[in-house]
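**Q** Structure provided below as structure tokens; questions to follow.
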Amino acid sequence: MHITPMVWIITCLVILGLFVFDFFAHVRTPHAPTLRESGFWSAVYIGIAVLFGLFVIWQWGAGYGGEYFAGYVTEKALSVDNLFVFVIIMSSFAVPREYQQKVLLIGIVMALVLRGIFIAVGAAAINTYSWVFYLFGFFLVYTAIKLVKDHGHEAEEEEKRENRMVSIVRRFVPTTEEYDGDKLVTKIDGKRFVTPLLLALIAIGFTDILFALDSIPAIYGLTQEPYIVFTANAFALMGLRQLYFLIGGLLERLVYLSYGLSVILAFIGVKLVLHALHENTLPFINGGEHVAVPEVSIALSLTVIIGVLVVTTVASLIKTRGEQNQSTSA
């Protein structure tokens with residue numbers, strides 16, 4: 001897949017333009033978005049992502065198009081799981097609903113920048129050392145196991161991280177407990193103070209780093225094309241702000257989502273290890289020669305990813321609906 005510098009520049013400008021539009025059209029004036037507004041713009045951004053995928057198929061072929069869609073669906077699912085943590089952060093800092101949009105949009109832009117750095121580093125590492133796929137694969141399997149072990153304790157783990165982060169910030173920077181509109185920094189008696197809004201933004205930025213450590217190896221297990229990795233991440237993050245307000249209440253009902261994501265990450269981890277064996281150059285494995293192992297096709301990957309997400313979503317909704325019916329009858 002040959003991507004010219006001009007294509008990269010145009011792609012980045014279009015993505016930047018969409019974020020600038022989002023800020024001036026929806027975030028600049030603080031307000032709590034309605035379900036109708038959130039639903040409409042969520043659909044718009046998903047539609048843009050699908051159209052881009054069709055453009056990839058038209059321009060570079062169905063193989064790369066399949067890699068993009070598999071990466072996009074995986075990153076979108078991981079992003080939805082991230083919304084659980086965003087809800088916890090917003091609640092712990094008591095961020096007023098009308099200011100949450102600003103925190104989310106800036107946090108999403110930060111996430112995209114951080115992921116861009118990780119993508120560049122990952123591409124350079126893969127091109128230089130083929131054994132990096134072993135590290136990515138084992139890390140994803142470890143992450144999958146950790147997701148299962150930590151299920152149900154996400155709030156406690158996030159609060160511990162926040163407390164450590166906030167205590168470090170407050171040690172070096174004067175902070176205030178009061179909000180001053182949507183300002184990140186305010187003045188009290190002529191002295192500058194950091195508001196809780198900036199603390200919430202720092203917490204989301206720190207969390208984004210942890211999310212990137214999971215998501216970048218996951219998508220590199222589906223494609224080795226940096227352009228597809230970047231665009232799939234960018235379009236998955238777009239509309240995440242609207243999705244936050246649209247399915248905020250639904251998040252509590254997706255009780256099995258973490259299990260589904262752990263299955264997907266473990267599957268991609270195994271896929272990466274198989275690919276690493278196929279491209280093996282490590283002297284202590286098969287004498288440094290390639291190992292004849294089956295490789296997982298992108299069609300099978302896409303089928304597994306979508307299938308697992310459908311099953312876990314349906315199972316979650318059935319379980320929570322049953323619990324609601326029991327509580328109502330009681």
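**Q** Please compute the net charge surrounding His278, taking Lys and Arg as +1 and Asp and Glu as -1 over other residues with Cβ under 15 Å from its Cβ. Could the numbers behind the result be given before it?
**A** On the way: positive: Lys271; negative: Glu279, Glu289, Glu295.
Summing Lys and Arg as +1 and Asp and Glu as -1 gives -2.
**Q** Could you tell me the center-to-center distance, by alpha carbons, between region 273-326 and region 10-54 in angstrom?
**A** 31
**Q** Counting heavy atoms of the protein chains only and a 1.4 Å probe, report the per residue accessible area for region 209-285 as a whole number of Å². List each step's numbers first, then the result.
**A** On the way: 2280 Å² over 77 residues.
I get 30 Å² per residue for this part.
**Q** Once the piece of chain linking Ile306 and Asp150 is laid out straight, how much longer is it, given 0.36 nm per residue of separation minus the C-alpha distance between them? Working shown, then result.
**A** On the way: separation 156, 0.36 × 156 = 56.16 nm, distance 2.33 nm.
Full-extension gain reported as 53.8 nm.
**Q** Could you tell me the calculated FRET efficiency between Phe138 and Thr11, based on Cβ-Cβ distance and R0 = 30 angstrom, to the nearest 0.05?
**A** On the way: r = 32 Å, r/R0 = 1.06.
Here the calculated transfer efficiency is 0.40.
**Q** Rank Lys102, Lys183 by accessible area, highest first, at a 1.4 Å probe radius? Walk me through the numbers on the way to the answer.
**A** On the way: Lys102 45, Lys183 105 Å².
Reading off the accessible areas and sorting them downward yields Lys183, Lys102.
**Q** If you line up the long axis of helix 257-278 against the longest principal axis of the chain, both from Cα atoms, how many degrees apart are they, to the nearest 10?
**A** That helix lies at roughly 30 degrees to the long axis.
**Q** So, one more: Which value, in Å² and to the nearest 10, is the accessible area of Val304 when all protein chains are kept and the probe is 1.4 Å?
**A** Rounded to the nearest 10, the figure is 40 Å².
**Q** Semi-axes of the equivalent ellipsoid of region 36-99: what are they in whole Å, largest first, if each equals the square root of 5 times a C-alpha gyration tensor eigenvalue? Walk me through the numbers before you get to the answer.
**A** Numbers: eigenvalues 202, 44, 8 Å².
Those come to 32, 15, 6 Å.
**Q** On to the next question. How much length would be gained if the chain were fully extended between Ala125 and Phe84, taking 0.36 nm per residue of separation minus their Cα-Cα distance, in nm to one decimal?
**A** Details: separation 41, 0.36 × 41 = 14.76 nm, distance 3.13 nm.
Computed gain between Ala125 and Phe84 is 11.6 nm.
**Q** Compare the Cα positions of Tyr72, Phe24, Val87 along the charge dipole of region 1-103 (+1 at Cβ of Lys, Arg; -1 at Cβ of Asp, Glu; about the Cα centre) and return the one farthest towards the positive end.
**A** Farthest towards the positive pole: Phe24.
**Q** Ok, one more. Enumerate the amide H contacts of Val185 below 5 Å, restricted to partners 5 or more residues apart or on another chain; note that Pro and chain-start residues carry no placed amide H.
**A** Thr195
**Q** Round to the nearest 10 and give me the degree value, 0 to 90, for the angle of helix 35-60's Cα axis relative to the longest principal axis of the chain.
**A** So the helix axis and the longest Cα principal axis differ by about 20 degrees.
**Q** Still on this structure, please answer the following. Using every Cα-Cα pair within region 194-237, state what percent have a distance larger than 15 Å. Before the final figure, lay out the partial values.
**A** On the way: 504 of 946 pairs.
For region 194-237, the fraction of Cα-Cα distances above 15 Å is 53 percent.
**Q** Then there is this: Can you tell me the 0 to 90 degree angle between the C-alpha axis of helix 298-329 and the longest principal axis of the chain, rounded to 10?
**A** 40
**Q** May I ask you to rank His290, His31 by accessible area, largest first, using a 1.4 Å probe over the protein chains only? Mind dumping the intermediate values first?
**A** Numbers: His290 110, His31 60 Å².
So, going from the largest accessible area down, we get His290, His31.
**Q** For Lys76, list the lysines whose Cα falls under 25 Å from its own Cα; do not include residues on the same chain fewer than 8 positions away.
**A** Qualifying lysines at Cα under 25 Å: Lys102, Lys146, Lys149, Lys271, Lys319.
**Q** Quick one: what are the phi-derived ³J(HN,Hα) couplings along region 182-191, Karplus 6.51/-1.76/1.60 with θ = phi - 60°, whole Hz, x for glycine and proline?
**A** Running phi through 6.51 cos²θ - 1.76 cosθ + 1.60 with θ = phi - 60° gives 9, 6, 8, 10, 10, 10, 10, 6, x, 10 Hz.
**Q** Can you give the accessible area per residue of region 1-144, in Å², using a 1.4 Å probe?
**A** Details: 6940 Å² over 144 residues.
Here the per-residue accessible area is 48 Å².
**Q** Among Glu67, Glu295, Glu177, which one shows the biggest mean-square fluctuation in a GNM of the chain, springs joining Cα atoms closer than 10 Å?
**A** Glu177
**Q** Taking only Cα atoms and a 10 Å spring cutoff, compute GNM fluctuations for the chain and point out the largest among Asn280, Asn233, Asn127.
**A** Asn127
**Q** With runs of 4+ DSSP H residues as the only contributors, calculate the mean residue ellipticity of the chain at 222 nm using -39,500 (n - 2.57) per run, divided by the residue total and rounded to the nearest 500. Let's see the in-between values first.
**A** On the way: 11 runs with 243 residues, N = 330.
Helices in the chain give a 222 nm mean residue ellipticity of -25500 deg cm²/dmol.
**Q** Using just the Cα positions, wrap the chain in a convex hull and report its mean projected area in square nanometres, one decimal place. Could the numbers behind the result be given before it?
**A** On the way: hull surface 80.9 nm².
Spelled out: convex hull of the Cα atoms, projected over all directions, averaged, 20.2 nm².
**Q** With +1 on each Lys and Arg Cβ and -1 on each Asp and Glu Cβ, how big is the dipole of the chain about its Cα centre, in debye rounded to the nearest 20?
**A** Approximately 500 debye in magnitude.
**Q** Nearest 0.05, what FRET efficiency do Ala32 and Thr281 give at R0 = 56 Å with Cβ-Cβ as r? Intermediate results must be reported in sequence, preceding the final value.
**A** Working: r = 55 Å, r/R0 = 0.98.
With a Förster radius of 56 Å, E is 0.55.
**Q** Would you please give the FRET efficiency between Ile117 and Phe172, computed as 1/(1 + (r/R0)^6) with r the Cβ-Cβ distance and R0 = 22 Å, to the nearest 0.05? Intermediate results must be reported in sequence, preceding the final value.
**A** Numbers: r = 24 Å, r/R0 = 1.11.
FRET efficiency, Ile117 to Phe172: 0.35.
The values are calculated or read from the model by the stated rules, or taken from the named source; none is laboratory data. In this text, all values refer to a predicted model and were calculated from it rather than measured experimentally. Neighbour counts run over all protein chains shown; Cβ positions are idealised from the backbone, glycine included. Surface areas here come from the heavy atoms of the whole protein model, side chains and all, with no ligands, DNA or RNA. Shrake-Rupley method; radii C 1.70, N 1.55, O 1.52, S 1.80 Å.
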